[in-house]
Structures are given as structure tokens and as C-alpha cells.
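See structure below.
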Amino acid sequence: MATDLELPERDQMEYDVVIVGAGPAGLSAAIRLKQIAAEAGTEISVVVVEKGSEVGAHILSGAVIDPVGLDRLLPDWREDPDCPVKTPVSDDHFLFLGPAGGIRLPNILMPKLLNNHGNYIISLGNLCRWLARRAEALGVEIYPGFAAQEVLFNEAGAVIGIATGDMGISRSGEMKDGFARGMALLGRYTLFGEGVRGHLSKRMITKFGLDKNADHAKFGIGLKELWQVKPEKHRKGLVQHSFGWPLDSRTGGGSFLYHFDDNLVAVGFVVHLNYENPTLSPFDEFQQFKTHPMVRDTFEGGKRLSYGARAITEGGYQSVPRLTFPGGALIGCSAGFVNVPRIKGSHNAMLSGMLAAEHMAKAIAGGRAHDEVASYEESWRASLIGRDLWKVRNVKPLWSRFGTWLGIPLGAIDMWTNGLLGFSFFGTQRHGKADSASLKPIAEVTPKTYPKPDGVISFDKLSSVFLSGTNHEEDQPVHLQLKDPSVPIAKNLPIYGEPARLYCPAGVYEVVYANEQTKADPRFVINAQNCVHCKTCDIKDPAQNINWVAPEGGGGPNYPNM
């Protein structure tokens with residue numbers, strides 16, 4: 001396998017700020033840096049690298065957006081005809097589902113924090129594409145198709161930038177024809193806005209012990225489809241959330257249906273990754289949900305356009321790690337700023353990018369570089385972000401501890417008291433343990449089975465992955481790395497039935513037998529070309545044996561409007 005000693009030197013480019021990830025956090029940071037420089041009559045050079053083939057290609061979210069971040073970043077967004085934020089929420093429905101029916105909960109009972117009045121239904125990918133155009137108009141350099149693969153440090157151990165991945169390395173590690181060395185992008189400060197469980201952010205958290213004083217990071221997996229429905233079934237502006245069936249009371253999660261634009265409905269399903277049954281399949285729970293009599297009718301006669309999946313940060317206020325370290329900082333979902341009960345994170349991602357930009361710009365103006373801009377870390381709790389997350393800090397741990405039937409009402413009471421009285425009867429609850437430690441041995445659970453998909457409302461994994469536009473160069477190093485290749489068969493299979501084959505929403509992992517009838521000679525197979533970059537395997541594997549790293553730039557899903 002080729003080593004660094006055998007590779008040519010990297011070309012280098014220098015900037016004031018290097019930003020990893022062209023999501024709402026990274027693009028907001030880039031825009032704000034340029035705004036500050038223009039206001040001061042100075043110049044701040046900014047570059048954004050994005051592993052997707054284009055900006056928005058890897059962006060997946062519900063999404064209902066609270067416009068507070070947009071209002072602060074680009075107050076003229078409502079006057080821009082190209083801005084894709086067009087559908088205001090007109091109606092809110094909350095449903096509790098049972099196997100054969102359900103009830104709509106009165107809106108008056110729902111905590112005011114969950115009110116979507118004034119919010120908008122959007123494609124977050126399309127919003128990021130628009131933000132990228134606004135950023136480039138201000139002079140930001142954006143390079144899609146280039147995956148940040150390595151963090152660069154100086155002799156003192158401070159971050160000085162990143163290196164993009166080499167292109168044209170074979171699966172065996174040899175240089176192929178057309179090999180191209182990655183670039184070194186050097187900056188006075190580097191912001192990591194990779195989204196949930198970013199592989200470089202994960203390294204920074206470990207290297208600098210950023211989670212030393214934080215609670216366990218918590219996650220969910222969100223699965224989403226975009227449908228074009230029949231006009232008579234479309235209710236533009238309707239937001240519908242549900243909990244209950246098909247999940248049992250010990251498994252957290254729920255659904256969303258968002259009606260927007262021209263006869264489009266975004267349907268999604270979230271499963272909290274602290275579930276206990278190793279035979280549970282989040283993908284199949286999602287497909288089963290769509291067959292519910294209160295849901296199915298919306299999609300009858302419609303057409304499924306897109307599919308995707310992505311992990312979601314769910315730890316909230318108490319799980320946010322330290323945000324700063326020498327030479328850099330975490331922003332957006334790399335920091336874990338999702339408000340779980342509101343099912344919203346984009347507004348906090350934008351606000352965190354802006355907040356980081358303001359502190360980095362001040363440091364740059366003072367002639368600083370590669371030091372820790374601790375003022376960003378010290379300021380977020382008193383900001384809109386901290387106040388947003390503080391009010392809902394107990395909802396997730398109460399749900400996890402007491403289950404759906406008791407945990408949700410307790411969480412609602414907690415949101416009411418936080419919203420009206422400014423305090424909680426519960427103090428600040430802890431999360432207990434990591435999601436990877438929650439599975440029970442397969443011998444202790446009732447195995448779950450799922451109905452065969454009908455190909456009309458419910459579908460299989462491979463046809464779904466096809467709709468995600470996922471593509472990887474097959475002859476490249478596998479980006480799903482096993483720390484110990486023996487673990488899946490020697491440990492995970494006998495204890496848990498190897499849950500990777502079920503929790504993965506893209507059919508990446510399989511257990512293949514030489515003799516299917518006798519289950520002889522099992523092999524663990526990784527179909528890395530199917531990976532939609534959801535990061536669930538990196539989070540949920542009970543042995544913490546799977547390490548997700550960025551594949552060759554431009555690989556992965558190509559979501560057109562998710």
C-alpha cells in the first residue's frame with residue numbers, strides 16, 4: 001500500500017479561515033465572516049470544502065425551519081426571488097397512532113415550544129445551494145467534491161488546516177492512472193461543520209478531550225422519502241407529526257409528513273438509537289409506518305421521488321462538548337445543537353456558524369492565529385442556541401428512562417414549566433449510557449419480523465438506495481473500516497445476530513453463509529458502494545468496531561431536493 005513517503009508533496013493554499021462542510025452552519029459562518037470584513041473595510045479570506053458532488057448533495061433534513069437564523073444572517077431573504085423558503089406552515093397536527101387507528105391530540109395541550117406558527121417547510125439541500133450562491137457572491141471560495149480527509153497540526157499541536165483526500169487510490173492502496181494528490185488548505189482557524197458524527201470532528205473531540213465534561217452523545221436515525229402526491233391529497237403548509245405505532249413503548253421515535261411546494265410531501269421516520277432489540281430495522285419500521293390507515297391514503301396514487309437517511313444528534317444541552325480547541329472549533333450538528341422535541345436543528349446550526357464567525361473575526365482582527373478562541377465556547381449558553389436547548393434538556397432523557405407512554409407526558413410537563421415559569425421540576429436529567437451500549441443480547445428479546453414490501457407504498461432497501469443517487473468509485477479503499485475484522489462474526493453475530501445488517505438503512509452490511517440452510521461458514525460483507533453516509537454504523541455498533549471515514553470526494557448520495 002502506498003505511504004505518505006511515496007506520495008508527492010501536497011500543494012498548499014492559505015486562508016484566514018478554512019471551513020469543513022457546506023451545510024447551514026458552514027455556509028452561515030462563511031457569509032458572516034465576509035459580512036464582518038465588509039463592515040470593517042478589511043478582508044478575510046474564507047474557503048469551504050464539501051465532500052458531496054455539489055453543495056446540497058449530502059444534505060438531508062425534514063425540514064421545517066425556524067427562520068430566526070435566516071433573519072439574522074440575511075434579513076433580505078424574503079425579497080430574494082431565488083430563495084427556496086416559500087411555504088409557511090399553515091396547520092399543525094399531532095397524532096398518536098395505534099396498530100389500526102389513532103387520535104389527533106388537541107393543539108392546545110401541546111407545549112408552546114412545539115408551535116410551528118411562523119416556521120417554513122423547506123428542502124434544506126436547496127436552501128444550502130442558495131446560501132452557497134450568496135456566499136460566493138461575497139467572495140467565499142467553495143470546493144464541492146473534495147472530502148476533508150486529514151487534520152493538519154503544527155509542532156505545538158494546534159490545528160493549522162486540513163488536507164483533502166487523494167483521488168485515484170485503488171482498493172488495495174495503490175496509485176491508479178489519473179492519481180491526484182490532495183490539497184493542503186491552511187488557515188489561521190478551521191471550523192468543523194461536517195454534520196452529525198463527522199469523522200474529523202470525532203477525531204478532534206477525542207484528541208482534545210472535548211467531551212470530558214459532557215454527558216453521553218445521543219443519536220437517532222432519520223429516514224426520509226420525497227413523494228409527489230395527487231393534487232386532491234395535497235394540503236400545502238400542513239405539518240403532521242406522530243408517535244406510537246409501529247414502535248413499541250420502549251423504543252423512542254416518531255414520524256413527520258410535511259406538505260410543501262407543488263404537490264410534494266416529505267415523509268420521514270425517526271428511531272432513537274438507544275433502542276434495545278437487535279432485530280429492529282429502522283428502515284422496515286419506516287416502510288411499515290407508511291401502511292398505517294391514517295397515513296397510507298396520502299400516498300395512494302402518488303410517486304416516490306427520493307430516499308435518504310441520516311443520523312441526528314439528540315443529546316441536547318447536556319451533551320454538547322467543548323466547542324473550541326487550539327486552531328479551531330465545532331459548529332452546527334458537529335457540536336450537537338439539534339432541538340429534539342422541536343425536530344429542528346437548522347436554525348441553531350446557522351446561529352452557531354454566525355456566532356463562531358464573529359469570535360474568529362475578532363481574533364483575526366487582533367492578529368491572532370492557531371490559538372483557542374475560548375470566547376466562542378464561553379458565549380453559546382447565553383445565546384439563542386443555549387436558551388433554545390436549555391428549555392428542552394430533559395425531554396430526551398425522560399423519554400428514554402420512562403418510555404413513550406409516561407416519558408412523553410413528563411417531557412411535555414417539563415416544557416410547559418420551562419416555558420411558562422422558567423424552571424424544571426426535574427433539574428437536569430442525565431442520559432445514562434451511550435447508544436452503542438443499549439442493545440440486549442438476541443436471546444433476551446422477541447425477534448421482530450416485517451411484512452414484505454408491496455412496491456406501492458412500502459419498498460425494499462436496494463430500490464430505495466437507487467433513488468438516493470448514491471454512487472462511489474468501486475476501486476477505492478473501503479471507507480467503512482473495521483478495527484478488528486473478526487468481531488462481526490466472532491462476537492456480534494452470536495450475541496446480537498450482527499445488528500449492522502438491520503440498523504444500516506442502505507444494505508451496506510450482510511452476513512453471507514457458504515450454506516444458507518445450515519448457516520455454515522458465515523462471512524461479513526461490506527457493500528461500501530451502497531453507503532448513504534448516515535453514520536449509523538459508526539454510532540450503533542455494540543463493539544464500536546466500525547469507523548466511518550470520508551470516501552473519495554464526490555462519492556455518496558446525490559440528493560436533488562432533500
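The values are calculated or read from the model by the stated rules, or taken from the named source; none is laboratory data. Just so we're clear, the structure is a prediction, and the values are computed from it rather than from any experiment. For neighbour counting, all protein chains shown are included, and Cβ atoms are generated from backbone atoms with ideal geometry for every residue, glycine included. Heavy atoms of the whole protein, side chains included, go into the accessibility calculation; ligands, DNA and RNA do not. Shrake-Rupley method; radii C 1.70, N 1.55, O 1.52, S 1.80 Å.
Worth pointing out:
- Flag if L493 is part of a helix (DSSP H, G or I), touching a Leu at 6+ places or on another chain (Cβ under 7 Å) and surrounded by fewer than 22 Cβ atoms within 10 Å (Cβ to Cβ): no
- Filter pass, R134 being touching a helix residue (DSSP H, G or I) at 6+ places or on another chain (Cβ under 9 Å) and either in a helix (DSSP H, G or I) or open to solvent by less than 10 Å² (accessible area, probe 1.4 Å) (or both): yes
- Test: residue in the range 401-410 that is open to solvent by 30 Å² or more (accessible area, probe 1.4 Å), in contact with a Ser or Thr (Cβ under 9 Å, 6 or more places away or on another chain) and part of a helix (DSSP H, G or I): yes
- Tabulated pairs, the range 518-532, first farther than 13 Å from A500 by Cα, second among the polar types (S, T, N, Q) and modelled with pLDDT of 95 or more, C-beta under 6 angstrom, 6+ apart or interchain: V532/S468; V532/T470
- Any chance Q544 is closer than 25 Å to A57 by Cα, at pLDDT 95 or above, open to solvent by 40 Å² or more (accessible area, probe 1.4 Å) and out of contact with any Leu (no Cβ under 7 Å at 6 or more places or on another chain): no
- Flag if P505 is surrounded by 19 or more Cβ atoms within 10 Å (Cβ to Cβ) and within 22 Å of the chain's Cα centre (by Cα): yes
- Residue check for S352: over 30 Å from S123 (Cβ atoms), open to solvent by less than 50 Å² (accessible area, probe 1.4 Å) and under 26 Å from the mean Cα position of the chain (by Cα): no
- Among the numbered conditions (1) in contact with a Leu (Cβ under 8 Å, 6 or more places away or on another chain); (2) within 16 Å of A137 (Cα to Cα), the only one that Q12 does not meet is (2).
- Each residue in the range 200-252 was checked for being closer than 27 Å to F466 by Cα, open to solvent by 10 Å² or more (accessible area, probe 1.4 Å) and either part of a helix (DSSP H, G or I) or among the basic types (K, R) (or both), and 3 pass.
The rows are residues; the columns are (1) of a type in the set (K, R); (2) over 23 Å from V395 (Cα atoms); (3) free of Cβ contacts under 8 Å to residues at least 60 places away in the same chain.
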| position | (1), (2), (3) |
| --- | --- |
| R304 | yes, yes, no |
| G308 | no, yes, no |
| A311 | no, no, no |
| V320 | no, no, no |
| F325 | no, yes, no |
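- In the condition set (1) assigned to a helix (DSSP H, G or I); (2) open to solvent by 10 Å² or more (accessible area, probe 1.4 Å); (3) out of contact with any His (no Cβ under 9 Å at 6 or more places or on another chain), Y513 is compliant with all but (1).
- One residue alone among L191, L185 is farther than 30 Å from K344 by Cα, assigned to a strand (DSSP E or B) and modelled with pLDDT of 95 or more, and that residue is L185.
- Only one entry of D460, D484, D414 meets the criterion of being open to solvent by less than 40 Å² (accessible area, probe 1.4 Å) and of a type in the set (D, E), and that entry is D414.
- Verdict on R342 being surrounded by fewer than 24 Cβ atoms within 10 Å (Cβ to Cβ), part of a loop (DSSP other than H, G, I, E, B) and of a type outside the set (V, I, T): yes
- When residues of the range 291-313 are limited to those that are surrounded by 18 or more Cβ atoms within 10 Å (Cβ to Cβ) and of a type in the set (V, I, T), the one nearest to the chain's Cα centre (by Cα): I312
- Some residue of the range 22-42 being within 26 Å of the chain's Cα centre (by Cα) and assigned to a loop (DSSP other than H, G, I, E, B): yes
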